[in-house]
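Okay, so here's the structure we're looking at.
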Amino acid sequence: MHSPEEVKLPFPGKWVGHYGTLTPFVAACRALGEDLRPLPEHEQLPPAHSEALLAKTGGVRLEDLGLDDAPGRWSDEFERQWRGFGESAARRELVRWTRERYGRYERDRSRADSKEAVSRLSPYLRLGIISPRRVMEGVQKAGGFAVSKTAFRRLYWRDLAYWQLHQWPTLSQVPLRPAYARQRWMDGLEAEELLEGWYVDVQIQNPKQNQTPPHLHNAA
């Protein structure tokens, strides 16, 4: 919704909260006098890649990339989980979410056993198939912050992540908080035993539930 270069946070200087938190970032965005309406659509598609750029690919055929190797095509799982590709599919998913499920988002968003609890817009946003401004427009029409403060703010979280990576380009490899660099990740048998113990505890605490626990908050 905002270019990282446009958002200015007062550091060093007067600061309220950590620069990894959302509230100061939202305040800085709103200080821009933000207009979050979707941008006008292009009247025509941008020009295709130049012949010189295409030549640099070496003429690699799609089938040579091995994307369709067994046990199935690379897109099979996407097609099972999402209802199509392209901008039209993304807009349909946005309409379904805001009209049918947005009112339950605040309550159900942490349920790992429900595929319909969340927006299901992540791949479309990630690939630029739908813009965050378009999603914000849908959220506003569905009641916005008054219905789900979390959904409304998560679009700002997305901008904050881009802003942080712009400010600290090594963030994808180096923790922003140095203490996390010494964190030990468990794997192997130790991790399996701890996860199994956690699962047993959940079953004991929720004996009426089926095999899948109702909430999986950072289970791994």
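The values are calculated or read from the model by the stated rules, or taken from the named source; none is laboratory data. Small disclaimer: the values here were computed from a predicted structure and weren't measured. So basically every Cβ, Gly included, is an ideal-geometry build from the backbone, and we count neighbours across all protein chains shown.
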> Among the residues of region 59-80, is there at least one that is at pLDDT 75 or above and part of a loop (DSSP other than H, G, I, E, B)?
Replying inline: no
> For region 87-110, which residues satisfy the criterion of being within 21 Å of Glu77 (Cβ to Cβ) and under 16 Å from the mean Cα position of the chain (by Cα)?
Replying inline: Ala90, Glu93, Trp97
>> Looking at Thr212 and the list (1) more than 29 Å from Arg99 (Cβ to Cβ); (2) hydroxyl-bearing (Ser, Thr, Tyr); (3) modelled with pLDDT under 85, which single condition is not satisfied?
In response: (1)
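Select from region 167-192 the residues that are among the charged types (D, E, K, R) and either touching a Phe, Trp or Tyr at 6+ places or on another chain (Cβ under 8 Å) or farther than 28 Å from Phe25 by Cα (or both) and list them in ascending order.
Of all residues in region 167-192, those among the charged types (D, E, K, R) come to 177, 182, 184, 187, 190, 192.
Scanning region 167-192 gives Arg184, Asp187, Glu190, Glu192.
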> When you go through Gln167, Gln173 one by one, which is the residue that is farther than 27 Å from Tyr105 by Cα, touching a residue at least 40 places away in the same chain (Cβ under 8 Å) and assigned by TED's automatic domain parsing to the domain that holds Arg99?
Replying inline: Gln167
> Residues of region 92-118 being in a helix (DSSP H, G or I) and either crowded, with 17+ Cβ neighbours inside 10 Å or in contact (Cβ under 8 Å) with a residue 60 or more places away in the chain (or both), which ones?
Replying inline: Glu93, Leu94, Trp97, Thr98, Arg101, Tyr102, Tyr105
>> Every residue in region 119-168 that is outside any helix (DSSP H, G or I) and either touching a Lys or Arg at 6+ places or on another chain (Cβ under 6 Å) or among the basic types (Lys, Arg) (or both), please.
In response: Arg120
>> Six or more apart or on different chains, Cβ atoms under 6 Å: show the pairs whose first residue is in region 132-155 and polar (S, T, N, Q) and whose second is in a helix (DSSP H, G or I) and surrounded by 15 or more Cβ atoms within 10 Å (Cβ to Cβ).
In response: Ser148/Tyr105
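What do you reckon, is Ala191 under 22 Å from the mean Cα position of the chain (by Cα) and either surrounded by 12 or more Cβ atoms within 10 Å (Cβ to Cβ) or closer than 28 Å to Ser3 by Cα (or both)?
So Ala191 fails the test.
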